[in-house]
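Structure first, then comments.
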Amino acid sequence: MDGGSILETIGVEIIGVMSPVSICMFLVVLIVYTLSSPSSSDNQQVIRTAANLIYLESSSDTTTQKLEGALLNAVVFVVLITLVTFLLVILYYYRFTNFLKYYIRFSAFFVLGSMGGSIFLTLIQHFNIPIDSFTFCLLLFNFTILGVISVFSQGVPILLNQMYMVALGIIVAAWFTKLPEWTTWVVLVALALYDLVAVLAPGGPLKMLVELASSRDEELPALVYEARPNVGSRSGSRGPNLGLLLAGFSDGDPIELRVMSSSENVVQNGRGVNDMRSESEEIDAVREVEIEGEMLPLMGSSSNERERPVVNEEIRESNESDRGRVLEREIEEEEERGRGIKLGLGDFVFYSVLVGRAAMYDLMTVYACYLAIISGLGCTLILLAVCRHALPALPISIALGVIFYFLTRLLMEPFVVGTSTNLLMF
């Protein structure tokens, strides 16, 4: 494969990942920007979630109290995530796969029905949309059931599956933006560090899950976005090759950004099974067999007439073994060329939480955080192509996003506002 083809393939895959992430972040920013105002953000009721079990932030608290409370919340949240992930490792190790699938389906149903319904009600009240309770409940029920079917059933159009995966990310991210400001930032940093350790450290829970699934030639039961499908609908064959993984998580469940292989591409790109067979036949034609320290050609002399049946049997077995290795090598090479990327729902959520929190300040920080996250995601994809092994998807993007947020808020925003008010820039 030449350099142009490689660059073209990487570009298509990056666009296939960044487009849904950008849509998810844009819609979360739109929801937050629409529903929040200076007065409502100051008087917003703080919700109690797993991310702020210990400390409820108040505007009257000092900076030290907010920082200490946010650190406690982040530690407790990461500990809970770690315990839940190890529990999932144990359940998956003992093959409670059906239980995990039903749990994830229930989680998707709850997110779409309960959390999504609450957001829809808020939007209806904000825009004064005339709708009665019965119609709203009927529409919400159909929306939820269709979403669960689209995410987990086979034979569903891939576009519908992608739309509901993005919708799940939007709903969860919109809820996380209700966390207090200090808790949000500290939790995001803590989750990025957890993701780094859980994927790369020996004995990390996500690393263990990936290795278990790879050893069994299975896919983890998880919510993932298929970034570049090779077929028009989701087929039933899903697990033979895990490929490369970039791990994240969502709602405590391990999720990964992964490279998805396509068996349909095995006979493409100019080489097929016939080419493999011809290569094996060439190997057969020139192969020589070593017997008792001497190299005998395939057509032996008359003095070895009695040994020829044994030699022929060994030649046949060796050729079959070589043919199998050639076929396996060619299949692996073609699958490597035909892989696409799967992105975990957790990455959608926490990328969108970051830009959603930035939207509560001003749009300049939103632009900066968006560019930082997209740049970090691009760097992660490039590292995936270079390293060819499991990598965490959150750390680079979250680190760049947090840094750009505070640099923009503390340095760039005062500079731009100052130069604009003094008519130096307009």
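The values are calculated or read from the model by the stated rules, or taken from the named source; none is laboratory data. Model, not experiment: these values are computed from the prediction. Don't worry about glycine lacking a Cβ; one is built from the backbone with ideal geometry, like all the others, and counts go over all protein chains shown. In case anyone asks, the SASA skips ligands and DNA or RNA and just uses the protein heavy atoms, side chains included. Shrake-Rupley method; radii C 1.70, N 1.55, O 1.52, S 1.80 Å.
Considering only the stretch 175-191, state which residues are open to solvent by 10 Å² or more (accessible area, probe 1.4 Å) and in a helix (DSSP H, G or I). Those that are open to solvent by 10 Å² or more (accessible area, probe 1.4 Å) and in a helix (DSSP H, G or I): TRP175, PHE176, GLU181, TRP182, TRP185, VAL186, VAL189, ALA190.
GLU219: open to solvent by 10 Å² or more (accessible area, probe 1.4 Å) and part of a loop (DSSP other than H, G, I, E, B), yes or no? Criteria met by GLU219. Residue under question is ILE331, and the condition is that it be aliphatic (A, V, I, L, M), over 30 Å from VAL111 (Cα atoms) and modelled with pLDDT under 80; does it hold? When the stated conditions are applied, ILE331 passes them.
Are there any pairs, at least 6 apart or on different chains, whose C-beta atoms fall under 9 Å, with the first in the stretch 391-416 and charged (D, E, K, R) and the second open to solvent by less than 10 Å² (accessible area, probe 1.4 Å), and if so, which? Correct list of pairs: ARG409/ALA358; ARG409/THR365; GLU413/THR365.
Would you confirm whether any residue within the stretch 141-152 is open to solvent by 10 Å² or more (accessible area, probe 1.4 Å), touching a Ser or Thr at 6+ places or on another chain (Cβ under 9 Å) and of a type in the set (A, V, I, L, M)? For the stretch 141-152, residues open to solvent by 10 Å² or more (accessible area, probe 1.4 Å), touching a Ser or Thr at 6+ places or on another chain (Cβ under 9 Å) and of a type in the set (A, V, I, L, M): absent. Residues that are closer than 28 Å to LEU206 by Cα and more than 15 Å from the chain's Cα centre (by Cα) within the stretch 386-414 comprise VAL386, CYS387, ARG388, ALA399, LEU400, GLY401, VAL402, ILE403, listed in sequence order.
Answer yes if at least one residue in the stretch 50-72 is among the hydrophobic types (A, V, I, L, M, F, W, C) and within 25 Å of ALA167 (Cα to Cα), and no otherwise. Show your work before the answer.
Start the filter on the stretch 50-72 by keeping residues that are among the hydrophobic types (A, V, I, L, M, F, W, C), which leaves 50-51, 53-54, 56, 67, 70-72.
Now restrict to residues that are within 25 Å of ALA167 (Cα to Cα): 50-51.
Checked the stretch 50-72: at least one residue is among the hydrophobic types (A, V, I, L, M, F, W, C) and within 25 Å of ALA167 (Cα to Cα).
Looking only at the stretch 44-93, which residues are assigned to a loop (DSSP other than H, G, I, E, B) and either among the small types (Gly, Ala, Ser) or open to solvent by 50 Å² or more (accessible area, probe 1.4 Å) (or both)?
GLN44, GLN45, VAL46, ARG48, LEU53, ILE54, LEU56, SER58, SER59, SER60, THR62 - these are the residues of the stretch 44-93 that are assigned to a loop (DSSP other than H, G, I, E, B) and either among the small types (Gly, Ala, Ser) or open to solvent by 50 Å² or more (accessible area, probe 1.4 Å) (or both).
Scoring ALA222 on the criteria (1) under 21 Å from THR380 (Cβ atoms); (2) over 17 Å from the mean Cα position of the chain (by Cα); (3) modelled with pLDDT under 80 leaves a single failure, condition (2).
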